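What follows is a short report on a single structure.
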Ligand SMILES: [Zn+2]
């Protein structure tokens, strides 16, 4: 039997869809067919939302490694993390069955479901979401064990993220909001069915598995020498072949994909990763 499910918005304060969806459902209730779920609706970082910023002191969605939780730092987000962990964790022996954390991205990733492991539950969830929402993208980030991630959703026994874009930071777009709502309902509907073993999907579904992050080219002073090429921009999860344009250098030159094999870039030109000089992440196509 699936226990408590917690749906979270506002882990990043300028990602508006999840914040609005949580507030709406708090006020008006969830759709009727989900009423049987033991569901918590949570806003994670009120201060960041008030300031319309991603975070106040540091990224809340990186505060949930065992190490970070043990450090008890004096930052606003470390305190947020401690509180969330107390209420819905503790991580590793959690009282929460599933944490679903809602995000927006400035990249054109459409409606992406990020899963962190491919066990029975996550695989069935992904297949179900893809089945009822064919436009959904399934992204697998299982490059390390579930518990080693610093993500907020790892406080639950299981955790997934909804990541929808493209939407500028602090802005609310109707098309993006509706995709977030649709994916949240799909996930929660699966949870309601999972208890009755009703929704098992035998057929594997297409997914993408995270590869590595690719940085902008920098000169020896650490200044960027190129921008994302217009042919790559907004083409998240489209195949990038060896030699295809990746960057446009400010001297006019085109920098082509230097990899030997096709890859599937995503988080292309994500605003939140700009400070880290991350241009995009790669992925392989797979089936789960
Ligand atoms: Zn986010």
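General observations
- Highest GNM mean-square fluctuation among 193, 120, 46, for the chain modelled with Cα contacts below 10 Å: 120.
- Cα-projected label distance for residue 174 with residue 148, points at 7 Å along beta-carbon direction, nm: 4.5
- For the range 1-107, the calculated P(r) over all alpha carbon pairs, in 5 Å bins from 0 to the bin holding the longest distance, is 2, 12, 21, 23, 20, 14, 6, 2, 0 percent.
- Cβ-Cβ distance of residue 33 and residue 200, R₀ of 25 Å, FRET efficiency by 1/(1 + (r/R0)^6): the value works out to about 0.85.
- With only the Cα atoms considered, the range 4-195 has a convex hull volume of 109 Å³ per residue.
- Distance between the range 193-266 and the range 1-63 - C-alpha centres, whole angstrom: 28
- Quarter of Cα convex hull surface for the range 1-53, i.e. mean projection, nm²: 3.8
- If a spin label sat at a point 7 angstrom from the Cα of residue 230 along the line to its beta carbon, the backbone N atoms of the range 248-287 nearer than 17 Å would be those of 248-256.
- Note: relative contact order over the range 211-287, using C-alpha pairs below 8 Å and six or more positions apart, is 34 percent.
- Percent of alpha-carbon pairs separated by more than 17 Å within the range 180-288: 63
- Entry note, the chain: relative contact order of 19 percent, from Cα contacts under 8 Å with a spacing of 6+ residues.
- The helix-only estimate of mean residue ellipticity at 222 nm for the chain, built from DSSP H runs of length n ≥ 4 each weighted as -39500 (n - 2.57), is -8000 deg cm²/dmol after division by the residue total.
Every number in this text was worked out from the coordinates using simple rules, so none of it is lab data. All of these numbers come straight from a predicted model, not from anything done at the bench. No Cβ is skipped: glycine too gets one built from the backbone with ideal geometry, and neighbour counts run over all protein chains shown.
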